[in-house]
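Input: a single structure, listed below in C-alpha cells.
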Amino acid sequence: HLAPLLRQQLVLSIAAGIQATDIKRWLRGHERIVRAMPNTPSLVGCGVAGLYAMPGVSESDKHDAESILAAVGSVLWVDQEDMLHAVTAISGSGPAYVFYFIESMQQAGIELGLSVAQSRQLSLQTFAGASRLASASDEDAAVLRARVTSKGGTTEQAIQVMEKNEIKSKIIAAIHASSQRSQEMSDEYSKI
C-alpha cells in the first residue's frame, strides 16, 4: 500500500533478508532503495550498519541514508547486495555472540566464587575495555591477544584449552551458518 504514495522518495529498508529487487517489485518499480543491516548496539549509539544502494541511487541519497544510520553508530557500504549476508552474520547477529561469551565468562566467575555482581562487572568491563583497546589499535586482534598470552602463564593455559576444543573454527563455522541462513531467508522472501 506504500507504492501509490511514492514519487521520488528514498526508501531506506532495515528489513533483514528482504532483497532490494523484491522491495522494488513490491513498490511497483521504485528504484531509489537503500538496504541497511543495523545491529542492536544502535540502541545505545554504538551500532554499526552495513548499507547497500541499488544502482542508480544518487550520491545525495547515499549521503542521506548514511546520515540517518550514522546517528546511531558507524556505517559500512558494500558494493554487492549479497555481502549483506556477511554483514548480517558478523554484525547483525554478532551482538548475540558477544553476549554468549560474556554469559560464559560470568558463569565461570560465579563458579570460581565471585558474586553475581562481581562476575558481571569484571566480565562486562573486560569485554568493553578489550574492545576499546582493539578499536584504538592499528594492530591485528591476534597480535593484541599474543601480548596478553605469556609463555607458561594463565592466559596461555586458557587459550590452549580453547584451541584444543577448536573454539575458533567453531565460531567461524557458526558465522558461516548465520550467513547461509540469511541467504536462505532472502530466497524465501523472494518467493512472496
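The values are calculated or read from the model by the stated rules, or taken from the named source; none is laboratory data. No experiment lies behind these values; they were computed from the predicted model shown. Every residue, glycine among them, receives a Cβ derived from its backbone with ideal geometry; neighbour counts consider all protein chains shown. Ligands, DNA and RNA are stripped out before the accessible areas are found, and what is left, the full protein with its side chains, is counted by its heavy atoms. Shrake-Rupley method; radii C 1.70, N 1.55, O 1.52, S 1.80 Å.
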Problem - Rough spin-label spacing in nm, given labels placed 7 Å along Cα→Cβ, for VAL161 and GLU31 - result: 5.8
Completion exercise
Note, SER67: beta-carbon cut-off 15 Å, +1 each Lys/Arg, -1 each Asp/Glu, net -3
Fill in the blank from the handout: Classified through the alpha carbon gyration tensor (a ≥ b ≥ c as square roots of its eigenvalues; rounded if a/c is under 1.5, else prolate when a/b is larger than b/c, else oblate), segment 33-104 comes out oblate
Fill in the blank from the handout: Nearest-0.05 FRET efficiency for LYS168 and ALA15 at R0 = 25 Å, using Cβ-Cβ distance, is 0.20
Practice task
Net charge near GLN9: determine it from the other residues with C-beta under 14 Å of the C-beta of GLN9, scoring Lys and Arg +1 and Asp and Glu -1.
Solution key: +1
Completion exercise
Carbon and sulfur atoms account, in whole percent of the 1.4 Å probe accessible area of the chain, for 59
Exercise for the section: For every helix of n ≥ 4 consecutive DSSP H residues, a contribution of -39,500 (n - 2.57) applies; sum these over the chain, divide by its total residues, and give [θ] at 222 nm rounded to the nearest 500 deg cm²/dmol. Expected result: -17500 deg cm²/dmol
Fill in the blank from the handout: Mean-square fluctuation maximum in Gaussian network of the chain, Cα pairs under 10 Å, restricted to GLY50, GLY152, GLY129, hits GLY152
Handout entry: For TRP77, distant residues with modelled amide H under 5 Å away
Key = LEU51
Handout entry: Kirkwood hydrodynamic radius (C-alpha pairs) into Stokes-Einstein, segment 83-183, 4 °C and 1.567 mPa s, D in µm²/s
Key = 84
Handout entry: Residue-normalised accessible area of segment 42-192, given per residue in Å² at a 1.4 Å probe
Key = 69
Exercise for the section: Note down the net charge around ARG32, summing +1 for each Lys or Arg and -1 for each Asp or Glu among other residues with Cβ under 11 Å from its Cβ. Expected result: 0
Practice task
Give the residue from LEU51, GLY113, TYR100 lying farthest towards the positive end of the charge dipole for the chain; charges sit on Cβ (+1 for Lys and Arg, -1 for Asp and Glu) and the dipole is referred to the Cα centre.
Solution key: GLY113
Problem - Distance between modelled label sites at ALA146 and GLU111, nm, 7 Å Cα→Cβ extension - result: 3.0
Exercise for the section: Provide ARG181, ARG32 ordered by accessible surface of protein heavy atoms (probe 1.4 Å), highest first. Expected result: ARG181, ARG32
Handout entry: Pairwise Lys count, the chain - Cα closer than 25 Å, eight or more residues apart or different chains
Key = 5
